[in-house]
Amino acid sequence: MLWAEFIRSLIRFLTVEIWFYGMVILVHRLTISSVFTLSNYLVPVLLSTLLVALAAWIEAHRHLPSAAKLLIWLDAHSHAGGFLATSLDTSLGSWQPPEPSIPKINHFHDWKTSAIHTLIACLFCIGAAIFPIEHKTQQQFKLDLTEETKQLQEKLDMLKDQSEDITEQLESISNAIEQLDQANDATAPDEVYKLIDSINSRIDYAEQQSLIKIEKQIETRDNLEALLEELLKQDKLDSSPEMQELAKLLDTLVLSDKDLEMLLQDIKGNSQAQKLTKEQIKELIEKLKKQNHQKKTIAAKLKKCECNQENGEGCCESLAVWLENNAPGAAQLQDLLPEGGMQGISRGEQTTAPLTYDNTAKGFENAKHKSIPLSALADQEGSILMGVAKSPPEPQQAQPIQQHTPGNLNPAKAPVKSQGKTIQPRHRKAVDEYFKH
Amino acid sequence: MLIEPQQLKEHQDIALKLLEELDKILLGQHEVHKLLIIGILSKGHILLEGLPGVGKTALVKGLGLLMNLEFKRIQFTPDLLPADILGGNILQQDQHGNRSLVFQPGAIFANIVLADEINRASPKTQSAMLEAMQERAVTLQGTTRPLPDPFFVLASQNPIELEGTYPIPEAQLDRFLFKISVTGVNADVLAQIISQRRRGEPPAPTWAITKDQLDGLFDAMDRIHLSGPVANYIARIVASAHPDAPNAHESIRNCVRFGPSPRAAIAIAEAARAAALLEGRPTVGFDDVIAVAKPVLNHRIILNYQAKLENITPETIVDRILDTLDPAAIDWDKLHAKPQE
């Protein structure tokens, strides 16, 4: 009797629970377009089922009175004529009490109705789980990376113009930039910015590689030019061992330098002769010089801020020298500030604290500090310390968009572009502002 | 030990036969007849209330014939004196010429007394009558004379024409086991009456209960078992009819001036036993209690003016009690443990 009552209550409570989870799944699919996975709901479903079972057990106990009370109740409601009640205090002897007809409990549904209700709830739950969400555009919160992407693309384009030998590498970087949009997820801004930094590093590395190659080419050409000039001076063009050596050297160089190969083809024309004539060598020297000049120009551009003898302006070292000679001192700066720079932190005193750069100020005598020249900071502008590694940076594959899982409530840590509203990353903006001023 | 089924069957048959015969005498009043027999089996006095001509007197007369007992009728009038009912000492001279006071029993010395229009007698006469009903004996000049056994008073009263009447005081109404309202009958029954009865006279009964059979019925009544839960239910019904009862219904608090006395609980228990016997059961059931609760309680619940304003009758109060009271709302284990302590 108790178990029957328990099962009856359990079915009713489970029906409600199924309806509830059906609603949850449907709302999930309709609002955040999340796909139902059992693992998302397993723990709450199990916990709530346990609670439901407990509630059903309590209700079953509450519905069922003691045996005596039940007998009295049955006697009164089944019109048993007092036999059941009498059996509590005396023997009925030869009397056979009439079979009590248990009246139906009106406020409960019968088994069939309960089963139908449960079935409908199950169908609803299943229907909610398979509710189509394909027609819905997957709403994703994205970071505003327009500026970052533009900068990367400009950098890459410049590198493409100047470097022809690393086409595959540049192509790979270009793909990575394209995939950046796919990997753009405001819910994981760290990953996105890591990816940007990785692409940046790859471009830098490609620049270095390109620079090294160009420098090597310049060196080779210089050597070749010197050798050819030497041969011309010594007039050893007819001596076969030198010419054979030159031919071998040219063959070796041509294999590793396509520009040189083209140069040689251009000079030789349709001639099949291995040996170069004097005029051809002269022409070669001239062209080598011209090509070398171009490559040096490219190398100079790639070197960025490195100082060279030709262009001293904009060089960091010269900037440092300029700053040393022309930058105002601390006292001059303090004078320039309103109220003599006495607007700093008062450290709890009634006066304003002086704004100073050294340990001469009151209260800062024993402060440990190290003065860093401004020139030392200039190099670091725009750079981000990602870590220290011996090996060059590896190209990082663009990560697929992380599927938003229910319950992932990580707040957006970076700017998000959602529904046309752009939110700037405050920390990046602050860093940019710092380096601008 | 409960009465054996076969024994009970014999007594039930007699009771049912009595009921059947009564139904033949007065057509269309089966429920009244049933209550009348229950009242007789409970050895209680019954007050029949109804309009003139509904068959109250005919019913009691027929019952007297069926019971094969001494039957007397007293027509109550305002000038009726107690001595007219109870009897008195009168001076008599014997054959030797000696004179002495000899008791001359009144009309009350009979097994069945029909007190017709009891509310027309003066309170003094009513009191004498009602005292005899309770004591089942008559005390006159220091001598107590028991009334015949069994002794039933079947009184009738008219609810209209109250001018010149003396309504029975509530305290004395309590002496009656039942107050049964005899109502009119429907057209079918009326057609049956006028077609089967010459001048409305009932047919003479062909069967009558013997004294032994009646004694057997009374013995069987004593063996009808009243279980604890049912007794508890009766007690709770009576208790909850009091306005000062802790679990009294709001309408009872507002409308009831006085609740029924403990005698009402005894009356319900007895009547319920008789109802069970009539049903052929050795145990009193909750349905038996419900069946007799209204005729037992309706003249024992005294209402106030608020009830009259709201047209609430004692029957309404009893209905509310029966509706709200759960027969199973008792802690039987606790109740059962008490006698052991």
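The values are calculated or read from the model by the stated rules, or taken from the named source; none is laboratory data. What you are looking at is a predicted structure, and each value in this text was computed from that prediction instead of being measured. Note that we place each Cβ from the backbone using ideal geometry, even for glycine, and neighbour counts take in every protein chain shown. Please note that ligands, DNA and RNA were not included when accessible areas were found on the heavy atoms of the full protein model with its side chains. Shrake-Rupley method; radii C 1.70, N 1.55, O 1.52, S 1.80 Å.
At-a-glance table
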{"quantity": "Odd one out for B:Leu51, checked against (1) surrounded by fewer than 22 Cβ atoms within 10 Å (Cβ to Cβ); (2) in contact with a Phe, Trp or Tyr (Cβ under 7 Å, 6 or more places away or on another chain)", "calculated": "(2)"}
{"quantity": "Qualifying residue in region A:10-23 (condition: in a helix (DSSP H, G or I), at pLDDT below 85 and surrounded by 13 or more Cβ atoms within 10 Å (Cβ to Cβ))", "calculated": "no"}
{"quantity": "A:Leu156 open to solvent by 10 Å² or more (accessible area, probe 1.4 Å) and either assigned by TED's automatic domain parsing to the domain that holds A:Lys287 or at positive phi (or both)", "calculated": "no"}
{"quantity": "All helices (runs of 4 or more DSSP H) inside region B:259-341 with 3 or more residues being modelled with pLDDT of 90 or more, open to solvent by less than 30 Å² (accessible area, probe 1.4 Å) and more than 10 Å from every other protein chain (Cβ to nearest Cβ)", "calculated": "B:262-279, B:286-297, B:314-324"}
{"quantity": "Boolean, B:Ile209 is assigned to a helix (DSSP H, G or I), in contact with a helix residue (DSSP H, G or I) (Cβ under 7 Å, 6 or more places away or on another chain) and within 23 Å of B:Glu279 (Cα to Cα)", "calculated": "no"}
{"quantity": "Conditions (1) more than 22 Å from the chain's Cα centre (by Cα); (2) at pLDDT 90 or above: number failed by B:Glu250", "calculated": "(2)"}
{"quantity": "Subset of region B:71-88 (residues that are under 18 Å from the mean Cα position of the chain (by Cα) and open to solvent by 30 Å² or more (accessible area, probe 1.4 Å))", "calculated": "B:Phe71, B:Lys72, B:Arg73"}
{"quantity": "Within region B:134-153, tally of residues that are open to solvent by 20 Å² or more (accessible area, probe 1.4 Å), within 24 Å of B:Ile40 (Cα to Cα) and touching a residue at least 40 places away in the same chain (Cβ under 8 Å)", "calculated": "3"}
{"quantity": "Any hit, region A:140-147, residues being at pLDDT below 80, within 30 Å of A:Gln294 (Cα to Cα), open to solvent by less than 70 Å² (accessible area, probe 1.4 Å) and not in a helix (DSSP H, G or I)", "calculated": "no"}
{"quantity": "Residue satisfying condition, being under 60 Å from the mean Cα position of the chain (by Cα), modelled with pLDDT of 80 or more, more than 8 Å from chain B (Cβ to nearest Cβ) and buried (at least 17 other Cβ atoms within 10 Å of the Cβ), within set A:Ala56, A:Ala60", "calculated": "A:Ala56"}
{"quantity": "Lone unmet requirement of (1) away from chain A (no Cβ under 14 Å); (2) not in a loop (DSSP other than H, G, I, E, B) for B:Val230", "calculated": "(1)"}
{"quantity": "Only listed residue being away from chain A (no Cβ under 14 Å), in contact with a helix residue (DSSP H, G or I) (Cβ under 7 Å, 6 or more places away or on another chain), in contact (Cβ under 8 Å) with a residue 12 or more places away in the chain and farther than 19 Å from B:Ile112 by Cα, chosen from B:Gly44, B:Gly62, B:Gly50", "calculated": "B:Gly50"}
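This table checks each residue for (1) at pLDDT 75 or above; (2) of a type in the set (Asp, Glu).
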{"position": "A:Asp197", "(1), (2)": "yes, yes"}
{"position": "A:Gln208", "(1), (2)": "yes, no"}
{"position": "A:Glu215", "(1), (2)": "yes, yes"}
{"position": "A:Glu219", "(1), (2)": "yes, yes"}
{"position": "A:Asp222", "(1), (2)": "yes, yes"}
{"position": "A:Glu225", "(1), (2)": "yes, yes"}
{"position": "A:Pro241", "(1), (2)": "no, no"}
{"position": "A:Ala247", "(1), (2)": "no, no"}
{"position": "A:Asp251", "(1), (2)": "no, yes"}
